[in-house]
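Trainee: The structure that follows is given in the form of structure tokens.
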Amino acid sequence: MYPTLENYITRLVSDFSSISEDRKKDLKEVANYIRTKLSADEVAKLNFICTHNSRRSHLSQIWAQTAAAFYSIDKIETYSGGTEATAFNPRAVAAVERAGFKVEDPGGENPGYKVSFSEGSEPMVCFSKKFDDDFNPDENFTAIMTCSDADENCPFVPGAEFRKPITYVDPKEADGTEREAEVYDERCRQIATEMFYMMNLVSSKN
């Protein structure tokens with residue numbers, strides 16, 4: 001891991017107590033799904049879904065893949081999508097960079113950002129897309145709904161064999177305010193902590 005990111009992770013893995021018991025139960029359900037797939041020697045594919053695929057779903061995708069690598073869990077693939085496509089919001093991208101990721105921006109209206117957690121890692125390609133885009137799996141995956149709107153407006157996700165709402169408050173509410181960066185950093189850290197907790201359960205088989 002890049003040094004800044006490694007320090008960030010060291011701090012958050014000591015903060016699992018900040019997660020409520022209800023949230024821990026939800027995260028454990030997803031962890032159990034992942035363990036079931038891995039025990040069958042299958043790839044666990046996680047598709048994080050929100051409305052615009054611009055903030056929460058990307059943060060969840062990035063942190064889940066990073067946590068899997070941190071705990072040396074193989075055969076996990078993370079994806080993200082929305083009920084509509086926009087772009088990976090630059091404010092969320094900036095929060096990822098502040099956490100310690102390296103991000104390459106190719107430019108364009110909906111850039112395919114390349115996000116890396118270490119020098120030797122294959123970059124995650126992050127761009128906004130619908131959840132059923134060809135880039136994402138079309139069967140045998142779990143749909144993790146990261147916003148209540150997407151969960152309510154998309155009651156059926158074709159191809160998903162498991163579905164679980166793990167919703168977050170949209171940091172968009174702080175756009176254009178003095179607390180913008182602070183709120184995005186808070187949401188980034190919350191999602192990171194929960195994704196690491198989830199992957200820790202997978203790793204430790206608790």
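Trainee: Of all GluC sites (Glu not before Pro) in the range 1-79, which ones are in loop regions per DSSP and have a Cβ with at most 15 other Cβ atoms within 10 Å?
Mentor: Details: sites: Glu6, Glu21, Glu29, Glu42, Glu77; in loops: Glu42.
When the GluC sites (Glu not before Pro) of the range 1-79 are filtered for loop state and at most 15 Cβ neighbours within 10 Å, Glu42 remain.
Trainee: Let me ask another. Mind giving me the nanometre distance, one decimal, between the label points for Glu139 and Glu109, set 7 Å out from Cα along Cα→Cβ?
Mentor: Between Glu139 and Glu109, the label points sit 3.4 nm apart.
Trainee: Taking only C-alpha pairs under 8 Å that are 6+ residues apart, what is the relative contact order of the range 1-93 in percent? Could the numbers behind the result be given before it?
Mentor: Numbers: 87 pairs, mean separation 26.3, N = 93.
Relative contact order here is 28 percent.
Trainee: Quick one: grab the alpha carbon gyration tensor of the chain, order the square roots of its eigenvalues as a ≥ b ≥ c, and give me rounded if a/c is under 1.5, else prolate or oblate depending on whether a/b is larger than b/c.
Mentor: Details: a/c = 1.29, a/b = 1.10, b/c = 1.18.
Here the chain falls in the rounded category.
Trainee: Roughly how big is the chain's charge dipole about its Cα centre, with Cβ charges of +1 (Lys, Arg) and -1 (Asp, Glu), in debye to the nearest 20? Display every interim value, and only then the final one.
Mentor: On the way: 24 positive and 35 negative charges, 119 e Å.
In debye, rounded to 20, the chain gives about 580.
Trainee: If you don't mind, another one. What nm distance separates the two modelled labels at Ser20 and Asp149, each placed 7 Å from Cα along Cα→Cβ?
Mentor: 2.2
Trainee: With unit charges on the beta carbon (Lys/Arg positive, Asp/Glu negative), name the residue among Ala68, Phe131, Leu201 whose Cα is farthest towards the positive pole of the charge dipole of the chain.
Mentor: The one lying farthest along the dipole's positive direction is Leu201.
Trainee: Still on this structure: Of all beta bridges DSSP finds with both residues in the range 102-186, what is the antiparallel percent, to the nearest 5? Let's see the in-between values first.
Mentor: Values: 6 of 11 bridges.
Antiparallel bridges make up about 55 percent of those DSSP assigns within the range 102-186.
Trainee: Could you give the DSSP H helices of the chain that reach 15 angstrom or more along their long axis (alpha carbon positions) and whose average Kyte-Doolittle hydropathy is no lower than -0.5?
Mentor: Values: long enough: 21-39 (26 Å, -1.41); 56-70 (21 Å, 0.03); 180-204 (36 Å, -0.28).
Correct list, ordered by number: 56-70, 180-204.
Trainee: Given a cut-off of under 8 Å on Cα pairs at least six residues apart, what relative contact order in percent is computed for the chain? Can you show the working numbers first?
Mentor: Numbers: 366 pairs, mean separation 58.7, N = 206.
Once normalised by length, the contact order is 29 percent.
Trainee: Determine, from the Cβ-Cβ distance of Thr10 and Val43 and an R0 of 30 Å, the FRET efficiency 1/(1 + (r/R0)^6), rounded to the nearest 0.05.
Mentor: Numbers: r = 29 Å, r/R0 = 0.95.
Working from the Cβ atoms, E equals 0.60.
Trainee: I need Lys45, Lys75 ordered by Cβ neighbour count within 10 Å, fewest first. Intermediate values should be presented prior to the final figure.
Mentor: Details: Lys45 22, Lys75 13.
Lowest to highest Cβ neighbour count: Lys75, Lys45.
Trainee: So for the chain: antiparallel DSSP bridges make up what percent, rounded to the nearest 5?
Mentor: Details: 6 of 23 bridges.
Roughly 25 percent of the DSSP beta bridges within the chain come out antiparallel.
Trainee: Cut-off is 10 Å between beta-carbons; in what order do His52, His58 appear when sorted fewest neighbours first?
Mentor: Working: His52 22, His58 29.
Least crowded to most crowded, the residues run His52, His58.
No value in this document is a laboratory result; all are computed from the given coordinates. On a predicted model such as this, the values are computed, not experimentally measured, just so you know. Note: ideal-geometry Cβ built from the backbone for every residue, glycine included; neighbour counts use all protein chains shown.
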